[in-house]
Amino acid sequence: MTSNTKTVAFFGASGGVGLSALKHSLAAGLQCTALCRTPSKLEAIFPADSTPNLKIIKGDAHDITAVTECIRTSGGNLVDMIITTIGSRPVWYKMTLEDPECCRKGASVLVEAIAQLRSQGATGRPYIVPFSTTGMSRFGRDYPLPLLPIYVWLLKAAHEDKQIMEDRFIASGETFTILRGSLLTDGETKKTVRVGIEDPKTGRESAAIGYFISREDSGRWIAENLILKKTQAYENKLLMLTT
């Protein structure tokens, strides 16, 4: 590992989209840190002796001390990238979440942690990649019409939380790419990931409307198109991902 190796911090990588992105990043030799409330979950997947480029930090994404440790490099500066895929479990029978403010709190803590590190002399401008969901576009419907009841009623609480999260990252002044995945499924596939692009100020540049995308395909796409190579056309944009 050289001093020029890209450093990437992960929040929410113990499963799903984040875990998939983390796997591909580690395989590429990047230096990664991952915040996890139960480190044993990641340690079982990535034994320390075979993944020396992963540092697992015990903590919660709403704890600024733990978040600060995760986004600070061994040299005391800010990491190059931050991938956040945190979210709360749904309580379907109540049409809400266990923590209806999970994503917005995580965004606020992360932005504050970056500001605090800079105030202490840390350098760097992390590229922030939050994973959100379709159904929140201000520039037109971005999901198939038959899913309207699910998006309007069943996912209302989740969408409200993620909308506030998105707005906080957009207003932060940091470089970002917000990803809005369609309904998530399990299992890696060979399907092509289609990408729609929106600018938060000027509107939709291209559309990609679909029903589903798998967590594994989403994570692989993040690694291949944002972590391993930086696509300038995606900076400060909102992307719709579907297959």
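The values are calculated or read from the model by the stated rules, or taken from the named source; none is laboratory data. Keep in mind the model is a prediction, meaning the values are calculated, not measured. Ideal geometry is used to build each Cβ from the backbone, glycine not excepted, and the neighbour counts take in all protein chains shown. Side chains included, ligands, DNA and RNA excluded: accessible areas come from the protein's heavy atoms. Shrake-Rupley method; radii C 1.70, N 1.55, O 1.52, S 1.80 Å.
In region 144-172, which residues are of a type outside the set (A, V, I, L, M), more than 19 Å from the chain's Cα centre (by Cα) and open to solvent by 20 Å² or more (accessible area, probe 1.4 Å)? Once the filter is applied, which keeps residues that are of a type outside the set (A, V, I, L, M), more than 19 Å from the chain's Cα centre (by Cα) and open to solvent by 20 Å² or more (accessible area, probe 1.4 Å), region 144-172 yields 146, 149, 153, 156.
Which ones in region 88-110 are part of a helix (DSSP H, G or I), open to solvent by 40 Å² or more (accessible area, probe 1.4 Å) and not small (Gly, Ala, Ser)?
92, 93, 94, 105
Here residue 122 meets the list (1) small (Gly, Ala, Ser); (2) open to solvent by 20 Å² or more (accessible area, probe 1.4 Å); (3) farther than 29 Å from residue 217 by Cβ almost entirely, failing just condition (2). Exactly one condition in (1) at pLDDT 95 or above; (2) among the small types (Gly, Ala, Ser); (3) open to solvent by 20 Å² or more (accessible area, probe 1.4 Å) is false for residue 20; which is it? With respect to (1) at pLDDT 95 or above; (2) among the small types (Gly, Ala, Ser); (3) open to solvent by 20 Å² or more (accessible area, probe 1.4 Å), residue 20 is out only on (3). Anything in region 95-112 that is free of Cβ contacts under 8 Å to residues at least 24 places away in the same chain and more than 19 Å from residue 35 (Cα to Cα)? List them, or say none. Listed by number, the list holds a single entry, 98. If you scan region 202-221, which residues turn out to be more than 20 Å from residue 83 (Cβ to Cβ), of a type outside the set (Val, Ile, Thr) and open to solvent by 10 Å² or more (accessible area, probe 1.4 Å)? Scanning region 202-221 gives 204, 205, 206, 207, 211, 212. Taking residues in region 76-87 that are within 13 Å of residue 25 (Cβ to Cβ), and partners anywhere that are assigned to a loop (DSSP other than H, G, I, E, B) and charged (D, E, K, R), the pairs with Cβ atoms closer than 7 Å and at least 6 places apart or on different chains are 80/6; 81/6. Among the candidates 49, 63, the residue that is acidic (Asp, Glu) and touching a residue at least 40 places away in the same chain (Cβ under 8 Å) is uniquely 63.
The residue that is nearest to residue 155 (Cα to Cα), among those in region 181-201 that are open to solvent by 10 Å² or more (accessible area, probe 1.4 Å) and among the charged types (D, E, K, R), is 186.
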